[in-house]
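Working notes, beginning with the structure itself.
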Amino acid sequence: MRSKSQTSNGKASHNTEREFGGTLGAVCIPIFLPLTVLFLICVNRSPDAALLQWPPPLPSLDQLWNPTAPLLLLGWIALHAFLYLLPLGKISEGLVLRDGTRLKYPINGFHSLCISGALLMLLLMFKAPLGHLFEMMLPLAVCAIAVSFMLSVYLYLSSFWAPPHALALGGNTGNPLYDYFIGRELNPRIGHFDLKYFCELRPGLIGWVVINFGMLMQEVELRGSPSLAMMLVNSFQLLYVADALWNEEAVLTTMDIVHDGFGFMLVFGDLAWVPFTYSLQAAFLVGHPQTLSPMGVAATITLNGIGYYIFRKSNSQKNQFRRSPTHPSVSRLETIATATGKRLLVSGWWGLVRHPNYLGDLLMALAWSLPCGFSHLLPYFYVIYFTVLLIHREARDERHCRAKYGLAWETYCRRVPYRIIPYIY
Ligand code: NDP
């Protein structure tokens, strides 16, 4: 689907290949995905936790709405906005923008995680009922969905005050439904406060591990102590979130920050989808306790360790190479030149498959589901969804790279024929 003219030298134009099913996707996805979040939470709480159960368990109005939920959610977002603004950590520059400038970003997400952890411990000391988060998941998700819609409307409208070079190339089609969904402006800011960068790794991602911890506390309340399965899920996912925040600078070179506009798709993903669907395994364990064998525990920890190792090493290798190609850790790797002046790695992790980081991420995703046993499909929702997401994301990235690097990308694909899983895909 192409329309109007091609983009040139920094000017946003009405030309773009539409993604996620174009206008139809832009209408259906914002209806379908929020309902999916609510559906999954409801099914997870039901004793059967059966995804294919018909009719699905419908929540009462009482379960959907709780006046404390908007206070908790907005308080949480305000706390993280405050922590974002604290002069902690270093300031880093993003990649060069189309107008030749670079934006500055505070690298203090890990500080925010530690402060959030300290605040949780304080709440625990004062015997705050953290396990109550289990009951609050549904009303909190409803509020997060509402906030996502409202923020996306604000972002869409405010983008009309942005200069043309500040618009995302893919989000400026002129179709309001599609542009609202995909995001018009690349880096919307209020003063120095970068809304996309803030939402990417803070309220939702840290919120996810807080919800997990709430599930653990609910288990303690119900059964006296946390189960091994719950501790594994909490630790694995905390490691993942801590890693993302420790390496926060790396987000500045990801597709989300560099390429995608900030619209409903990312807002909803960051604020509603991640915290409320990624915490499904921990929430599942509250109502469906599991007994794990020592062999099962060892195998799951090993799988998570291998996945994490591949994920971290491959991401670090590419980030190092992109930031400083002459660094001793990457300078000996084999590369191919491209017409843009950038080079592509063809050995090391990026010579194994074209997305080794996705491979590691998928192995971890499987390890997060295994502690929930094999009796239900629901705890495997994450790994199934994530496989679909990464296959789609990989295809999007390939399209961008093919357009960017042309022949050099073809050569890379010939040299490294597999996309994510060696000899399989
Ligand atoms: P990637 O980190 O995979 O980056 C893709 C980019 O890397 C390409 O556009 C290209 O950009 C560069 N690149 C590709 N091949 C090479 C090569 N051979 N040599 C050098 N550079 C290359 O992108 P993502 O943003 O998709 O993923 C980042 C991480 O986030 C991943 O680990 C992913 O698993 C994770 N993730 C997690 C999600 C979650 O919900 N848990 C969701 C999405 C991602 P260029 O050449 O312009 O530098």
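The values are calculated or read from the model by the stated rules, or taken from the named source; none is laboratory data. Values in this document were obtained by computation on a predicted structure and should not be read as measured data. Ideal geometry is used to build each Cβ from the backbone, glycine not excepted, and the neighbour counts take in all protein chains shown. Ligands, DNA and RNA are stripped out before the accessible areas are found, and what is left, the full protein with its side chains, is counted by its heavy atoms. Shrake-Rupley method; radii C 1.70, N 1.55, O 1.52, S 1.80 Å.
Listed values, structure above:
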item	result
Flag for A298 being within 30 Å of A168 (Cβ to Cβ), in a helix (DSSP H, G or I) and among the hydrophobic types (A, V, I, L, M, F, W, C)	no
Conditions (1) touching a residue at least 12 places away in the same chain (Cβ under 8 Å); (2) more than 15 Å from the ligand (Cβ to nearest atom); (3) open to solvent by 10 Å² or more (accessible area, probe 1.4 Å); (4) touching a helix residue (DSSP H, G or I) at 6+ places or on another chain (Cβ under 7 Å); number of the one not met by V286	(3)
Residues located in segment 329-359, provided they are near the ligand (Cβ under 7 Å from one of its atoms) and not charged (D, E, K, R)	L344, L345, V346, W350, H355, N357, Y358
Which numbered condition L370 fails, given (1) open to solvent by 10 Å² or more (accessible area, probe 1.4 Å); (2) under 27 Å from the mean Cα position of the chain (by Cα); (3) within 11 Å of the ligand (Cβ to nearest atom)	(3)
When residues of segment 117-145 are limited to those that are small (G, A, S) and in contact (Cβ under 8 Å) with a residue 12 or more places away in the chain, the one surrounded by the fewest Cβ atoms within 10 Å (Cβ to Cβ)	G131
Elements of type helices (runs of 4 or more DSSP H) contained in segment 312-425, each with 1 or more residues being farther than 30 Å from V297 by Cα and charged (D, E, K, R)	381-405, 407-415
Subset tally (residues that are farther than 30 Å from Q320 by Cβ and within 20 Å of the chain's Cα centre (by Cα)) for segment 208-254	6
Hits in segment 330-365 (condition: out of contact with any Phe, Trp or Tyr (no Cβ under 9 Å at 6 or more places or on another chain), of a type outside the set (D, E) and open to solvent by 70 Å² or more (accessible area, probe 1.4 Å))	R332
Pairs, first open to solvent by less than 40 Å² (accessible area, probe 1.4 Å) and more than 6 Å from the ligand (Cβ to nearest atom) in segment 388-400, second part of a helix (DSSP H, G or I) and at pLDDT 90 or above, C-beta under 6 Å, six or more apart	L390/Y358
Conditions (1) near the ligand (Cβ under 9 Å from one of its atoms); (2) surrounded by fewer than 18 Cβ atoms within 10 Å (Cβ to Cβ); (3) under 21 Å from the mean Cα position of the chain (by Cα); number of the one not met by N315	(2)
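One line per residue, one yes/no per condition, for (1) within 27 Å of the chain's Cα centre (by Cα); (2) of a type in the set (D, E, K, R):
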site: S329; (1), (2): no, no
site: T338; (1), (2): no, no
site: W350; (1), (2): yes, no
site: R354; (1), (2): yes, yes
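Table: residues versus (1) in contact with a strand residue (DSSP E or B) (Cβ under 9 Å, 6 or more places away or on another chain); (2) under 21 Å from L390 (Cβ atoms); (3) open to solvent by less than 20 Å² (accessible area, probe 1.4 Å); (4) within 16 Å of the ligand (Cβ to nearest atom).
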site	(1), (2), (3), (4)
H259	no, yes, no, yes
L266	no, yes, yes, yes
D270	no, yes, yes, yes
P275	no, yes, yes, yes
Q281	no, yes, yes, yes
S293	no, no, no, no
A299	no, no, no, no
T302	no, no, no, no
